[in-house]
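Step one of this worksheet: look at the structure below.
The values are calculated or read from the model by the stated rules, or taken from the named source; none is laboratory data. Predicted model only: the values in this text are computed from it and were never measured. These accessible areas exclude ligands, DNA and RNA; they are computed on the full protein's heavy atoms, side chains included. Shrake-Rupley method; radii C 1.70, N 1.55, O 1.52, S 1.80 Å.
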Amino acid sequence: MAKTITVRIDDSTYNIFKLAAAGQKRTISNYLEYATLNYTMNEAVVDDMEMNEILKCEKDIKKGLSDISAGRYRIID
């Protein structure tokens, strides 16, 4: 079942969305759904290859977080 979401945006942002939707012959609502899904699937989620690279560094990442928690770091300007 479709859900309704209310979002507040300024006029310039609205106009950008309106032009983009018109350029794709979509309603603004449909454009926002399409653009949000496209962004989420392509940018906000890592693929299997990226995740494997991250997991290879898991031990180092955990050590770094542990060092930060224990105050074992210094900021270099």
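Springs between alpha-carbon atoms under 10 Å, Gaussian network over the chain: tell me which of T36, T27, T13 tops the mean-square fluctuations. Comparing T36, T27, T13 in a Gaussian network model of the chain, the most mobile one is T13. Entry comment: accessible area of the chain is 98 Å² per residue, from protein heavy atoms only and a probe of 1.4 Å. Converting phi to 3J(HN,Hα) with the Karplus coefficients 6.51, -1.76 and 1.60 and the offset θ = phi - 60°, region 48-58 yields 4, 5, 4, 5, 4, 5, 5, 5, 4, 9, 4 Hz in sequence order, with x at every glycine or proline. If one puts a single equal scatterer on every Cα of the chain and applies the Debye formula without solvent, what log₁₀ I(q)/I(0) results at q = 0.11, 0.20, 0.22 Å⁻¹? So the normalised log intensities work out to -0.60, -0.91, -1.03.
Rounded to the nearest Hz, the phi-derived 3J(HN,Hα) couplings of region 71-77 under the Karplus curve 6.51 cos²θ - 1.76 cosθ + 1.60 (θ = phi - 60°) are x, 8, 7, 9, 8, 10, 7, where x marks glycine and proline. Expressed as an acute angle from 0 to 90° and rounded to the nearest 10, what is the orientation of the C-alpha long axis of helix 11-23 relative to the principal long axis of the chain? That helix lies at roughly 70 degrees to the long axis.
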